[in-house]
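J.: I'd like to ask some things about the structure below.
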Amino acid sequence: MSGPLVLGIESSCDETGVGIVRGRELLANEVASSANEHVRFGGVVPEVASRAHLQALIPTLRRALATADIDLGEIDAVAVTAGPGLMGALVVGLSAAKALAAALNKPLYGLNHLVGHIAVDLLEHGPLPEPCAALLVSGGHTSLLRIESITDSITELGSTIDDAAGEAYDKVARVLGLGYPGGPVIDQIAAAGDPKAIAFPRGLTAQKDLAKHRFDYSFSGLKTAVGRWVETHSPPTQGPSGPVWTTERWPVSLADVAASFQEAVADVLTAKAVAACRQLGLDTVVLSGGVAANSRIRALLAERCAAERITLRCPRPGLCTDNGAMIAVLGAEVVAAGREPSQLDISACSGLPVSQIQL
Ligand code: KG4
Ligand code: ZN
């Protein structure tokens with residue numbers, strides 16, 4: 001397959017990503033993560049992330065060029081995350097991209113990180129059947145979207161009114177003493193637990209809430225409920241595979257708490273995504289963002305989509321978390337659609353709305 005040769009740079013949070021694509025063909029996807037440097041703080045420290053991006057960017061770029069076996073001069077365009085994200089972190093990637101574009105005399109495309117999460121699916125599954133729905137679940141965002149055109153028109157149907165799903169994973173992991181980032185470890189531990197052990201709340205699903213928040217989410221009450229449950233049932237005893245809490249009915253393991261929390265997240269995320277498809281007549285939904293790597297969310301959405309004859313598209317877990325390929329492939333789509341390049345003096349936008357695909 002052919003198409004423009006695009007370099008993509010991602011630096012919105014704690015991953016420095018450099019990807020190279022030719023159209024929808026992935027040539028390289030190198031990621032350097034500073035996650036380990038944030039563990040002892042229980043969350044991303046912006047200054048630490050910015051410095052790590054500075055240190056990692058050139059080596060990651062070199063690795064990507066070597067993997068793709070191309071020279072910088074061959075590239076047709078430079079795409080970069082312009083927002084949303086941490087300001088200091090965004091500025092590092094954007095400055096590097098501007099410098100490369102200027103030095104190589106190639107067009108610059110400042111793109112939306114969230115739209116990149118959806119676009120990455122094109123690498124594996126080809127063009128989107130537009131219009132379609134997208135369930136975007138990441139560390140900072142949780143939204144249900146209608147994609148009219150991935151390069152032109154995206155409408156937000158609903159979003160979280162408080163915490164993002166990934167944020168809830170990270171905060172609950174902290175309460176359970178599981179470290180940062182919380183998603184992967186809860187996903188793993190929950191596999192051995194009983195999802196029905198504790199009936200945690202499903203935010204904004206009551207009839208009275210649905211009228212105003214049909215496609216919105218809320219995870220802050222769930223996060224608080226897990227914290228309160230642990231508080232009221234502690235101290236746990238030490239079982240063979242971690243803490244066990246004694247309840248009136250039966251002992252509850254760490255795996256049971258993790259599985260029950262995860263089930264509450266997966267249940268609301270997937271129920272509202274399927275309801276949106278049904279009510280708006282959309283027959284395909286794309287699941288994307290870091291939390292889309294979650295095994296239970298993927299499985300439950302697959303099950304519910306199959307029951308409603310909705311096609312589920314989902315990038316492989318390794319492409320769900322932040323990376324440069326997602327920005328490169330969105331860049332290639334934007335170039336192919338004939339969009340004008342961004343100005344070299346654009347500023348990073350930490351709160352860029354998902355509807356603004358390019359700066
Ligand atoms: O999209 P992403 O890499 O960064 C942002 O743009 O925010 O998402 C990171 C989030 C973190 O909150 C992390 O805990 C979560 O994705 N995550 C997961 C899994 N892998 C990463 N959450 C649940 N299950 C996973 N397997
Ligand atoms: Zn992301």
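J.: Among the residues of region 95-112, is any in a strand (DSSP E or B), over 19 Å from the mean Cα position of the chain (by Cα) and among the hydrophobic types (A, V, I, L, M, F, W, C)?
T.: yes
J.: Residue under question is S159, and the condition is that it be in contact with a His (Cβ under 9 Å, 6 or more places away or on another chain), within 16 Å of ligand 2 (Cβ to nearest atom) and not in a loop (DSSP other than H, G, I, E, B); does it hold?
T.: Considered against the rule, which asks whether it is in contact with a His (Cβ under 9 Å, 6 or more places away or on another chain), within 16 Å of ligand 2 (Cβ to nearest atom) and not in a loop (DSSP other than H, G, I, E, B), S159 comes out as yes.
J.: Kindly indicate which of A264, A255, A276 is touching a strand residue (DSSP E or B) at 6+ places or on another chain (Cβ under 8 Å) and within 16 Å of ligand 1 (Cβ to nearest atom).
T.: A255
J.: With (1) without any contact (Cβ under 8 Å) to a residue 24 or more places away in the chain; (2) of a type outside the set (S, T, Y); (3) within 24 Å of A165 (Cα to Cα) as the list, and G338 as the residue in question, which single condition is left unmet?
T.: (3)
J.: If the requirement is being at pLDDT 95 or above, within 16 Å of ligand 2 (Cβ to nearest atom) and surrounded by fewer than 23 Cβ atoms within 10 Å (Cβ to Cβ), which of these qualifies: C314, C305?
T.: C314
J.: So which of I150, I186, I154 ends up being in contact (Cβ under 8 Å) with a residue 40 or more places away in the chain, under 22 Å from V265 (Cβ atoms) and outside the structural domain of L27 (by TED's automatic domain parsing)? Please lay out each step first, then the result.
T.: Working: I150 fails: under 22 Å from V265 (Cβ atoms); I154 fails: under 22 Å from V265 (Cβ atoms).
Criteria check complete, one pass: I186.
J.: If a residue must be of a type in the set (D, E) and not in a strand (DSSP E or B), how many such residues does region 124-156 contain?
T.: 3
J.: Also, quick follow-up: For a quick check of your reading: which helices (runs of 4 or more DSSP H) sit entirely within region 196-286 and have at least 3 residues that are among the β-branched types (V, I, T) and either surrounded by 18 or more Cβ atoms within 10 Å (Cβ to Cβ) or at pLDDT 95 or above (or both)?
T.: Here the list reads 220-233, 254-280.
J.: Limited to region 185-195, what total is found for residues that are part of a loop (DSSP other than H, G, I, E, B) and surrounded by fewer than 18 Cβ atoms within 10 Å (Cβ to Cβ)?
T.: Total meeting the criteria: 3.
J.: Another one. Determine which member of the set T67, T81 is under 30 Å from L301 (Cβ atoms) and not assigned by TED's automatic domain parsing to the domain that holds L178.
T.: Exactly one residue qualifies, and that residue is T81.
J.: Considering only region 35-55, I want to know if a residue exists there that is within 19 Å of E167 (Cα to Cα), part of a strand (DSSP E or B) and in the same structural domain as L86 (by TED's automatic domain parsing).
T.: No, region 35-55 contains no residue that is within 19 Å of E167 (Cα to Cα), part of a strand (DSSP E or B) and in the same structural domain as L86 (by TED's automatic domain parsing).
J.: Could you pull out the residue among L128, L111 that is modelled with pLDDT of 95 or more, within 16 Å of ligand 1 (Cβ to nearest atom) and out of contact with any Pro (no Cβ under 6 Å at 6 or more places or on another chain)? Write out each step before concluding.
T.: On the way: L128 fails: within 16 Å of ligand 1 (Cβ to nearest atom).
The conditions single out L111.
J.: Could you figure out which of (1) more than 16 Å from ligand 1 (Cβ to nearest atom); (2) more than 20 Å from the chain's Cα centre (by Cα) isn't true of L178?
T.: (1)
The values are calculated or read from the model by the stated rules, or taken from the named source; none is laboratory data. Quick caveat, the model's predicted, so the values are computed rather than measured. So basically every Cβ, Gly included, is an ideal-geometry build from the backbone, and we count neighbours across all protein chains shown.
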